[in-house]
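Read through the structure below, which is laid out as structure tokens, and then see the notes.
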Amino acid sequence: MERYNIAIDGPSAAGKSTISKQLAKNLGMTHLDTGAMYRCLALKAIRQGISQQNEKDLVKCLNETEIRLESDRVFLDGEEVTKIIREPEVSIGASNISKWAKVRQEMVARQQFLAKEKGFIMDGRDIGTVVLPDAKLKIFLVASVKARAKRRFLEEQQKNSSITLEEVVKAMEERDRQDETRSASPLKQARDAVRIDCSDMTIEEVVEKVCSYL
Ligand code: C5P
């Protein structure tokens, strides 16, 4: 059987992880959430009081860090951090530290090493452009600010968070602006990626649409 990789990129809360997970299940592939890796480094930096502006210290910290992604669970130096890395402070922290070229270089090397056996659905911001330029299929998943904010807001409510819809929109827009304007591998659609606007689509419809390109 042919083994290949699929790249899924797009802004925050566009549904990349949900779609990737479902696709991986349907196609018998492995999902790899690269955002979780940046989140792990951000969490460790916060805990250790490392400045998010200090590239050198962040790289040193990353070189001494083990990040393990195991289906739906994330481990940082052996500790399960699946839930805590979704906290708003870690989200913006991940965006802050991901602007550094040397941090990205190490993350990309780890991701490429993991994906070299093929059979992966990787989601992130630079998968189609940098990490897996030869992926069999590249998807750029977008949705309106309204649709994305609504989804993120519902997720937050399920966690009993007291964050308001306005705060969700503000945090999301700030993170996307940073991710799109940084100089090192900014979020952008790869030339050979298929753009899907899933604002008004169900998960099943998006999965079906992605599969139609395979
Ligand atoms: O995908 P997620 O929202 O979990 O990613 C958290 C942050 O990590 C993003 O806002 C982005 O700054 C960064 N990231 C990245 N490149 C990736 C994945 C995530 O820069 N491939």
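The values are calculated or read from the model by the stated rules, or taken from the named source; none is laboratory data. These numbers were taken from a predicted model, which means no experiment stands behind them. Virtual Cβ from ideal backbone geometry, glycine too; neighbours counted across all protein chains shown. Surface accessibility is based on the protein's heavy atoms, side chains included, excluding ligands, DNA and RNA. Shrake-Rupley method; radii C 1.70, N 1.55, O 1.52, S 1.80 Å.
Counting only residues 5 or more places away or on other chains, whose amide H sits under 5 Å from the amide H of residue 31 once H atoms are built in the peptide plane?
Answer set, sorted by chain and number: 121.
Under the 0.36 nm per residue contour assumption, what length would be gained going from the current alpha-carbon distance of residue 47 and residue 170 to full extension? Let's see the in-between values first.
On the way: separation 123, 0.36 × 123 = 44.28 nm, distance 2.47 nm.
Net length gain for the segment: 41.8 nm.
How much of the accessible area of the chain, probe 1.4 Å, is carbon plus sulfur, in whole percent?
Details: 5590 of 11220 Å².
Roughly 50 percent of what the probe reaches on the chain is carbon or sulfur.
Highest first, please rank the peptides 38-48, 186-196 by the mean number of other Cβ atoms sitting within 10 Å of their residues.
Numbers: 38-48: 21.0, 186-196: 15.9.
Result, highest mean first: 38-48, 186-196.
Averaging over every viewing direction, what projected area does the convex hull of the Cα atoms of region 45-136 cover, in nm²? Don't skip to the end; give the middle numbers.
Values: hull surface 25.0 nm².
The orientation-averaged projected area of the Cα hull of region 45-136 comes to 6.2 nm².
So what's the chain giving for Cα Rg divided by 2.2 N^0.38 Å, two decimals? Please report the intermediate quantities before stating the final value.
Numbers: Rg = 16.4 Å, N = 214, 2.2 N^0.38 = 16.9 Å.
The value comes to 0.97.
Collect residues whose amide H, placed 1.01 Å from N in the peptide plane, falls under 5 Å from the amide H of residue 74; neighbours closer than 5 in sequence don't count.
Correct list: 81, 82.
Could you give the accessible area per residue of the chain, probe 1.4 Å, as a whole number in Å²?
Values: 11220 Å² over 214 residues.
Solvent-accessible surface per residue comes out at 52 Å².
Run the quick spin-label model on residue 204 and residue 83: label points 7 Å from Cα toward the beta carbon, then report their separation in nm to one decimal.
Going by the 7 Å Cα→Cβ label model, 3.1 nm.
Expressed in nm to one decimal, what extension gain is obtained for the pair residue 145 and residue 60 from 0.36 nm per residue of sequence separation less their Cα-Cα distance?
My answer for the length gained is 27.0 nm.
Just order 85-96, 2-13 by mean Cβ neighbour count inside 10 Å, highest at the front, would you? Present the calculation step by step, with values, prior to reporting the outcome.
Numbers: 85-96: 18.5, 2-13: 21.5.
Averaged packing, sorted descending, gives the order 2-13, 85-96.
Run the quick spin-label model on residue 75 and residue 2: label points 7 Å from Cα toward the beta carbon, then report their separation in nm to one decimal.
3.5 nm
Could you tell me the relative contact order of region 67-214? Use alpha-carbon pairs under 8 Å, at least six residues apart, and round to a whole percent. Numbers along the way, then the final one.
Values: 118 pairs, mean separation 38.5, N = 148.
Normalised by residue count, the contact order of region 67-214 is 26 percent.
Residue by residue through region 95-104, what is 3J(HN,Hα) from phi via Karplus (6.51 cos²θ - 1.76 cosθ + 1.60, θ = phi - 60°)? Round to whole Hz and write x for glycine and proline.
5, 5, 7, 6, 7, 7, 4, 6, 5, 4
Could you give me the ³J(HN,Hα) list for region 160-173, computed from phi with Karplus coefficients 6.51, -1.76, 1.60 and θ = phi - 60°, whole Hz, x at Gly and Pro?
3J(HN,Hα) across region 160-173, in whole Hz: 6, 6, 9, 4, 8, 4, 4, 5, 4, 4, 4, 5, 5, 5.
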